[in-house]
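Scroll down for the structure; my scribbles are underneath it.
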Amino acid sequence: MAEPMRIRATMAGDVADVKVLMNHPMETGLRKDAKTGQLVPAHYITDVTATVNGAQVLDAGLSGGISKNPYLGFRVKGPKKGDKVVVNWTDNKGDKNSAEAIIG
Amino acid sequence: MNALRRNVLKGAAGAGTVAMAVAAGLLKPTQALAGVPRSAFEAKNVGDALKNMSVSAPADSKDITIKAPDIAENGAVVPVEVTSGIPGTTAIAILAEKNATPLVADFGLMGGAEAYISTRIKMGQTSLVRAVVMAGGKAYTAAKEVKVTIGGCGG
């Protein structure tokens, strides 16, 4: 199972600033293993979604062009301190992970 | 099914019904950038990627800000920040034009999400980093060149 991800959400004025760090190798499928010369199979996050208090705010499609251990920052207008942010991802092998944070 | 089709044809009530049909998976969103088909991510050049995203001839816009380094020493990790000043922005896509598969990511924004995305991308070589923004059903674009010293896609 995938490693935990880190998420932090803070209010800046009336905008919540959310920062997410996901643990994932993000293999494109185009890279060769230096030792064996074989292509490393593709393994990357394909979908990321985020909700604030259950309402969806982000629906993202990713590719292997995103760096290893993807970082994602986004901002949402409207929430208050104490509201809950949930981030989910799914990768091309069907693995899923989820993390949540309380906006502080 | 037939009833639904008639409703779609009614027009006035059409928009809501279409949205429902999309939600029910009966219709595939074509013009909506959010939820671009996976084929767009597999496209080998910018033109095909945009075509698969159902975007044609996006207009250049000065209201899109791309924050990325002028020179990236390590192409494996290039920080990119895109902010759109276009009202009603619903999606931001990031493309690295000379990558083997240029479309890096597509972010559909809703429910109060600001037109801002910050992430880190891989770049195979020096090229333009292009942002495509959807707002009010129209496509806008801007690009910034990033020089890459060591590519981050090969090996």
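Among the listed residues B:SER61, B:SER84, which satisfies the condition of being hydroxyl-bearing (Ser, Thr, Tyr) and in contact (Cβ under 8 Å) with a residue 60 or more places away in the chain? From the options B:SER61, B:SER84, the qualifying one is B:SER61.
Taking region A:13-43 as the search range and keeping residues that are outside any loop (DSSP other than H, G, I, E, B) and free of Cβ contacts under 8 Å to residues at least 60 places away in the same chain, which one is nearest to the other protein chains (Cβ to nearest Cβ)? Filtering region A:13-43 for residues that are outside any loop (DSSP other than H, G, I, E, B) and free of Cβ contacts under 8 Å to residues at least 60 places away in the same chain, the one nearest to the other protein chains (Cβ to nearest Cβ) comes out as A:LYS32.
Assigned to a strand (DSSP E or B) and modelled with pLDDT of 95 or more: which single residue out of B:ILE86, B:ILE92 fits that description?
B:ILE92
For region A:53-60, does any single residue satisfy the condition of being touching a strand residue (DSSP E or B) at 6+ places or on another chain (Cβ under 7 Å), over 21 Å from B:ILE92 (Cα atoms) and not aromatic (Phe, Trp, Tyr)? The answer is yes; a qualifying residue exists. Considered as a group, the residues in region B:50-68 that are over 15 Å from the mean Cα position of the chain (by Cα) and surrounded by 14 or more Cβ atoms within 10 Å (Cβ to Cβ) include one that is farthest from the other protein chains (Cβ to nearest Cβ), and that residue is B:ASP63. Of the strands (runs of 3 or more DSSP E) lying entirely inside region A:44-104, the ones with 2 or more residues being over 14 Å from the mean Cα position of the chain (by Cα) and touching a residue at least 24 places away in the same chain (Cβ under 8 Å) are found at A:71-77.
Residues of region B:101-128 that are more than 9 Å from chain A (Cβ to nearest Cβ) and within 12 Å of the chain's Cα centre (by Cα): none at all. The set of residues from region A:69-104 being in contact with a Gly (Cβ under 6 Å, 6 or more places away or on another chain) and surrounded by 20 or more Cβ atoms within 10 Å (Cβ to Cβ) comprises just one member, A:VAL76. Surrounded by fewer than 15 Cβ atoms within 10 Å (Cβ to Cβ) and free of Cβ contacts under 8 Å to residues at least 40 places away in the same chain, is that true of B:GLY47? Criteria met by B:GLY47.
The values are calculated or read from the model by the stated rules, or taken from the named source; none is laboratory data. What you see is a predicted model; the values in this text were computed from it and never measured. Here Cβ is always computed from backbone atoms with ideal geometry, including for glycine, and neighbour counts include all displayed protein chains.
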